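To start, the structure under review is shown below, and the notes come after it.
The values are calculated or read from the model by the stated rules, or taken from the named source; none is laboratory data. Note that this is a predicted model, so its numbers are computed, not measured. Ideal geometry is used to build each Cβ from the backbone, glycine not excepted, and the neighbour counts take in all protein chains shown.
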């Protein structure tokens, strides 16, 4: 018997709400952490504002690929999320969505993102295959290594070479220190994130950098922060950025110190706030690049 139209639209709205929950539409922090390195690279590659068409493609692509990454992440963790306090109410963990729906959404979002990339040059199109491969692999790495953040950093940082090829159709070696800084940044903020779940992860058998570093987690994060800031200082020299950039790095240093203060007692809520504060860290660097390239 056909479903009455009113009931169909009610069910459709409920389904849409679940899909938006699956891709963390209500939690844009992941999109922002992926967006900042892309913006850094676009402005450095163009030595100022990039062409608006390229900027729009990257902003939309960042949103789509982060959303696709959330879908494949929840598919990979669907049998584990129920044992973790922070994730036990996710749509797949509770059975409100089926695993095939997450896979279908991942494929759809990835295809839309690829359609956008087809508007760019051939070099960027070729690099996009690496991006989607990294996005698909990362969620499964936490079963095999305590440093899945390396794959997350490569996935998030791959927007940097793509930005340079999109703007300049070239891959200058100077972009790689920025890429490495982004990789270290993922280790920093995702270790803070993993500190929130460490007790639960030990119970369900998930590997993470927070578990690997153990009692030396704060020291490890501090060393990574120092290394990242040193790389960003080098980036400033490589691209001949001026005082505004270094003012932005000073603000980023202040953010890093505040994060250390937040995680000092390893409380879950405070560690999560430290993770969220990385948005301001990334914004400070972008504003420094923006003002330095005016």
TODO: Filter the range 255-266 down to residues that are surrounded by 13 or more Cβ atoms within 10 Å (Cβ to Cβ) and modelled with pLDDT of 95 or more and give me whichever is nearest to residue 210 (Cα to Cα).
DONE: 263
TODO: Output yes when any residue across the range 272-281 is part of a loop (DSSP other than H, G, I, E, B) and more than 27 Å from residue 145 (Cβ to Cβ), and no when none is.
DONE: no
TODO: Looking for whichever is touching a helix residue (DSSP H, G or I) at 6+ places or on another chain (Cβ under 6 Å), over 22 Å from residue 280 (Cα atoms) and either surrounded by fewer than 24 Cβ atoms within 10 Å (Cβ to Cβ) or at pLDDT 90 or above (or both) here; the options are 191, 182, 165. Which one fits?
DONE: 165
- [ ] Would you be able to say whether some residue in the range 234-241 is part of a helix (DSSP H, G or I) and within 28 Å of residue 86 (Cα to Cα)?
- [x] no
